[in-house]
Amino acid sequence: MKRKNKKKVSELEKNLAEFMKGVEESRKRSEKSIAEMKKGLKESRKQFGEFTNRFGYFVEGLTVESFEYEFNNLGVKTTKLYRRPKAILDGKSIEFDIFLIGRTIKNINSYLPEGVDVLIVLEAKAELTSEKIKEKQKRQYLQYYDKQGKSPAVY
C-alpha cells in the first residue's frame, strides 16, 4: 500500500511540475504579448498625435486668410500676421497659433477707438465647444488689462 501511495505521490508531483512549467511558459508568452501591445499602442499614439498636429496646421492654413478678412470687416486693418509664434515667459517657451497685429480703422467700441494699435492672439480649432474655450482659458499664460483693470474686448 505504501508503495502505491509513494508512486501516486511521485506521479502527482511530476504532473504538478509539468503543470507549473506550462503555467510559467504561458506567463512568459503573456508578458511578451503585453509588451508587444504596449509598444504598438505607444506607436499608435505617436502616429495619432502627428496626424492631429498636421490636421491642426491644415485648419490654421484654411483660417488665416479669413481671419484677416473678418477683422478687416470689424475695423482692424492687418499690418503683420505671424503663424506659430513662440514667446518665453518665466523661462518657459509658449506657442500660439496666430498673432495678428493691426490698427483700428474705425471706432469698434469704447475700448478700441479708431487709430489704436492692436495685437490679436488667435487659436484655431477644428471643433470649437464651450468646454474647449474654458479649458484654454484655464491654461492661459498671459492676461491683458487696460489701465482701469478692465479686460479688453474679445471678438
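The values are calculated or read from the model by the stated rules, or taken from the named source; none is laboratory data. The structure presented is a predicted model; accordingly, all values stated were derived computationally and were not measured. In this analysis, Cβ positions are derived from the backbone assuming ideal geometry, glycine residues included, and neighbour counts consider all displayed protein chains.
Results, tabulated for the structure shown:
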{"item": "Leu74 vs. criteria out of contact with any Gly (no Cβ under 7 Å at 6 or more places or on another chain) and at pLDDT below 90", "result": "yes"}
{"item": "Boolean, Leu112 is surrounded by 10 or more Cβ atoms within 10 Å (Cβ to Cβ), modelled with pLDDT under 85, of a type in the set (A, V, I, L, M, F, W, C) and part of a helix (DSSP H, G or I)", "result": "no"}
{"item": "Given (1) modelled with pLDDT of 65 or more; (2) of a type in the set (D, E, K, R); (3) in contact with a Pro (Cβ under 7 Å, 6 or more places away or on another chain), index of the condition Lys125 fails", "result": "(3)"}
{"item": "Number of positions in the range 37-94 that are touching a helix residue (DSSP H, G or I) at 6+ places or on another chain (Cβ under 9 Å) and free of Cβ contacts under 8 Å to residues at least 12 places away in the same chain", "result": "0"}
